[in-house]
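Reviewing the structure listed below.
The values are calculated or read from the model by the stated rules, or taken from the named source; none is laboratory data. Remember, predicted model here, so these are calculated numbers, not experimental data. Every residue, glycine among them, receives a Cβ derived from its backbone with ideal geometry; neighbour counts consider all protein chains shown. Areas reflect the complete protein model, heavy atoms only, side chains present, ligands, DNA and RNA absent. Shrake-Rupley method; radii C 1.70, N 1.55, O 1.52, S 1.80 Å.
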Amino acid sequence: MSVDGTGRAWVFGDDIDTDQITPSRFLVSSDPDELGEHAFNDLRPEFADGVEPGDFVVAGENFGSGSSREHAPLSLVGAGVAGVVAQSFARIFFRNAINLGLPVLICPGVGEIDDGTEISIDVDEGFVYDHDEEIRYDAEPLPPFLQDLVDQGGLKPYTRRKLESAD
Amino acid sequence: MTGKTITEKILSEKSGADATAGDYVEATVDAMVTHDVTGPLTIDVFEDVTGDDAALAAPENVVFTLDHHAPADGVQAANNHNIVREFAAEYGANQYEISDGICHQVMIEEGFVEPGDLVIGADSHSTTYGGLGALGTGVGSTDLGTAFATGELWFRVPETIRFEVEGDLPDGVYAKDLILRFIGDVGFDGATYKTAEYGGSAIRDLPIHQRLVLSNMAIEMGGKAGIVEPDERTATYLEEQAGLEVGVDPDLAADDDASYEAVYTYEGADLAPQVSKPSNPENAVDVGETTGTDIDQVFVGTCTNGRYEDIRVVADVLTGERVAPNTRLIVVPASRAVYQRCLETGVLEALVDAGATFQSAGCGPCFGTHQGALGDGDVALATANRNFPGREGSMESRVYLGSPATAAATALYGEITDPREIDTTRYDDHAVSDVGVVR
Ligand code: SF4
């Protein structure tokens, strides 16, 4: 099994909005590291200290709804989160995450995963593997275009490369 | 092969691909807009990706407005205005000044939007352009800043929900009432990631300034876009408003066998004026359920309902009358051109005589940080698009949303009032706008 990474699952419920990911009082900064220190500040105060680089955020339906603030996915990048797996995403969060190069997978059933479980994700093949329960959850694979965008590190590096090749 | 929706046709044309809902495409953008709030961040992204040899891919298609904090209401806002002014001057982009108007109105009046165009803005109400048969959508600052550099952006081709309204609308019922009803029926996130396409004989009969209202508020049901098929009226409107010769492209219509995720149908005659109760646009009810509610402030304006025809409806009701004693009426035209027409036609004078506060063009109190903000306990009725807690000021204030006619009747009596109680000849905006533009 080739996987993109293995880490701990931080599991959240349905309808987690951008205010719960990055409360609006922290929006004065746009520095990923600083934002990362306040990720899920009110909802799960232990998150920022406990999260290890390579861990994953796992959520139910409609993750990232609410305002269009790009600070929310940026805070997860700053916290070292290696990817977000959810049963569904709100539109602008999904788009912003892809643009920032944060891997996201739409994956039915992952709301069942227990908090703290060791999981692996494979973005290319499109699945999540729960090592404790030995269950594989198949994801909707990212379309090749978005996969390419994520592989290149997001929209900014992608654009830089595009501009260079046009020269 | 099944037919295409307007959205699929526009994204096919702009990407050179055969685009169907669910596909991902990279498409060439016809126009881009940002303002004093989102502009500085967008500029940061652009400078970050372009580095030393920075140039806008198409400076003639890039538009900056100063509308949210205009005139500047503090040092931070003034500094942001200067960042925008300096950038636009350096890179040759279009830049509009304070009091020139709200981004979406300026884009339309200045001729940046044509039917079939793909337009993006770092503002969620960029859906407004759909009223002209364009695909307009709001994006983030990374999206817009990179598109400044390349002239292109990636899109997931959205599914479409169709709203059909047939027959005549009763007196006192406007596009604003239709869209509040749609949002009430579909829910605040009912069209997430989708285009709302509006059709049927009642929609075709709407003057353009009202079609823009339907598209503007598509985002209040989560929509990526909201589109009305362009027609002769669209062409006439653009010629008179923006001096554009666009003609009518018969291909720019949904195919008969296009596939929709859902179709909602309405009989125009069944509809009553609508009001959305605090604090979500989806709380839409017949006005009768709210009449008698005391109102401290009535606000007429915004990118939804701040056009000349909207303000004229209010002036027609209030000419020779006074705003109710314990109620404030704030009117903010959507653009300098709207302001000038109010001046030339006596609308401004009638409103000021009636006791209204008439401000320079811009967003006004729409998002609660500029002039006209609400205090603790204030109850307001606004022609705006959002009424979340704190949207127009204090978290302890409450906002109802309604049409300009409902706003006018409410300002006259100081409590929410059914506009049908007022002699309809005073605000027959369908009739005055038959050819698209009121003179
Ligand atoms: S009028 Fe209101 S909704 Fe429209 S652009 Fe301005 S702040 Fe946004």
Pairwise FRET efficiency - residue B:371 versus residue A:26, Cβ, R0 = 30 Å, nearest 0.05: 0.60
Counting DSSP beta bridges with both ends in chain B, the antiparallel % (nearest 5): 20 percent
Sparse-neighbour loop sites [trypsin sites (Lys or Arg not before Pro); the stretch B:1-37; at most 10 other C-beta within 10 Å; DSSP]: none
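Give me the number: length gained by fully extending residue A:34 to residue A:61, i.e. 0.36 nm times residue separation minus the C-alpha to C-alpha distance, one decimal in nm. Walk me through the numbers before you get to the answer.
Values: separation 27, 0.36 × 27 = 9.72 nm, distance 2.73 nm.
Extra length from residue A:34 to residue A:61 when fully extended: 7.0 nm.
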Inter-part distance where the stretch B:160-201 and the stretch A:93-167 are each reduced to a Cα centre, Å: 35 Å
Cα pair distances of chain A binned at 10 Å [whole percent]: 11, 41, 35, 10, 2, 0
Cα gyration tensor, the stretch B:81-209 - rounded (a/c under 1.5), prolate or oblate: prolate
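With respect to the cross-link table entries B:9/B:176; A:156/B:176; B:194/B:277; A:156/B:224; B:224/B:277; A:162/B:176, which display a Cα-Cα separation exceeding 31 Å? Don't skip to the answer; put the middle values down first.
Working: B:9/B:176 27 Å; A:156/B:176 39 Å; B:194/B:277 25 Å; A:156/B:224 23 Å; B:224/B:277 24 Å; A:162/B:176 43 Å.
Violating the 31 Å Cα-Cα cut-off are A:156/B:176; A:162/B:176.
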Chain A, helix-only ellipticity at 222 nm - DSSP H runs n ≥ 4, -39,500 (n - 2.57), divided by all residues, nearest 500: -8000 deg cm²/dmol
Phi-based couplings in Hz for the stretch B:298-313 (Karplus 6.51, -1.76, 1.60; Gly and Pro marked x): 10, 10, 10, x, 5, 5, 7, 9, x, 8, 3, 4, 5, 6, 5, 4
Efficiency of FRET between residue B:97 and residue B:394 - r from beta-carbon atoms, R0 22 angstrom, step 0.05: 0.15
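Please list B:224, A:156 in order of solvent-accessible area, largest first, computed with a 1.4 Å probe with all protein chains present. Working shown, then result.
Working: B:224 10, A:156 55 Å².
Most to least solvent-accessible, the answer reads A:156, B:224.
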Amide H contacts of residue B:400 (H built 1.01 Å from N, under 5 Å, at least 5 apart or other chain): B:380, B:381, B:382
Prolate/oblate/rounded call for the stretch B:8-267, Cα gyration tensor, a/c under 1.5 rounded: prolate
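Could you pull out the chymotrypsin sites (Phe, Trp or Tyr not before Pro) across the stretch B:115-193 that fall in loop regions by DSSP (anything but H, G, I, E, B) with no more than 12 other Cβ atoms inside 10 Å?
On the way: sites: B:129, B:148, B:154, B:155, B:163, B:174, B:182, B:188, B:193; in loops: B:174, B:188, B:193.
Sites meeting the loop and neighbour criteria: none at all.
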Per residue accessible area of the protein assembly as shown, 1.4 Å probe, in Å²: 36 Å²
Phi to ³J(HN,Hα) by Karplus 6.51 cos²θ - 1.76 cosθ + 1.60 over the stretch A:42-48, Hz, x for Gly, Pro: 8, 6, 9, x, 7, 4, 4
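Taking square-rooted eigenvalues a ≥ b ≥ c of the alpha carbon gyration tensor, is chain B rounded, prolate or oblate, where a/c under 1.5 means rounded and, failing that, a/b exceeding b/c means prolate? Walk me through the numbers on the way to the answer.
Numbers: a/c = 1.68, a/b = 1.22, b/c = 1.38.
Judged from the Cα gyration tensor, chain B comes out oblate (a/c at least 1.5, b/c at or above a/b).
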FRET E, pair residue B:26, residue B:260, Förster distance 30 Å, beta-carbon r, rounded to 0.05: 0.75
Label-point separation in nm, residue B:285 to residue A:136, each point 7 Å along Cα→Cβ: 5.4 nm
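Counting only other residues whose beta carbon sits under 10 Å from that of residue B:277, what net charge do I get with K and R as +1, D and E as -1?
Working: positive: B:398; negative: B:282, B:289.
Around residue B:277, the charge tally is -1.
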Sequence-distant residues sharing a close amide H with residue B:226 (under 5 Å, placed H): B:130, B:136, B:196
Those residues of the stretch A:117-165 for which accessible area with every protein chain present is at least 20 Å² below the isolated value (1.4 Å probe): A:143, A:145, A:146, A:155, A:156, A:159, A:160, A:162, A:163
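Tell me the net charge near residue B:85. Cut-off is 11 Å between Cβ atoms, residue B:85 excluded, with +1 for each Lys or Arg and -1 for each Asp or Glu.
My count for the surroundings of residue B:85 gives -4.
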Residues whose placed amide H lies under 5 Å from that of residue B:199, excluding near-sequence neighbours: B:163, B:164, B:165
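Determine the share of the protein assembly as shown's accessible area contributed by carbon and sulfur atoms, expressed in whole percent, with a 1.4 angstrom probe. Please report the intermediate quantities before stating the final value.
Working: 9620 of 21810 Å².
Of the solvent-accessible surface of the protein assembly as shown, carbon and sulfur hold 44 percent.
A plus B alone minus the pair: what accessible area, both sides summed, probe 1.4 Å, in Å² to 100? Walk me through the numbers on the way to the answer.
Working: alone 8210 and 15700 Å², together 21810 Å².
Buried surface at the A/B interface: approximately 2100 Å².
Can you give the calculated 222 nm mean residue ellipticity of chain B, where each DSSP H run of n ≥ 4 adds -39,500 (n - 2.57) and the sum is split over every residue, rounded to the nearest 500 deg cm²/dmol? Provide the component values of the computation, followed by the final result.
Values: 15 runs with 137 residues, N = 439.
Value at 222 nm, helices only, nearest 500: -9000 deg cm²/dmol.
For the protein assembly as shown, just run the numbers: alpha carbon Rg, then divide by 2.2 N^0.38 Å, N being how many residues it has.
Details: Rg = 24.1 Å, N = 606, 2.2 N^0.38 = 25.1 Å.
With N residues counted in the protein assembly as shown, Rg over 2.2 N^0.38 Å equals 0.96.
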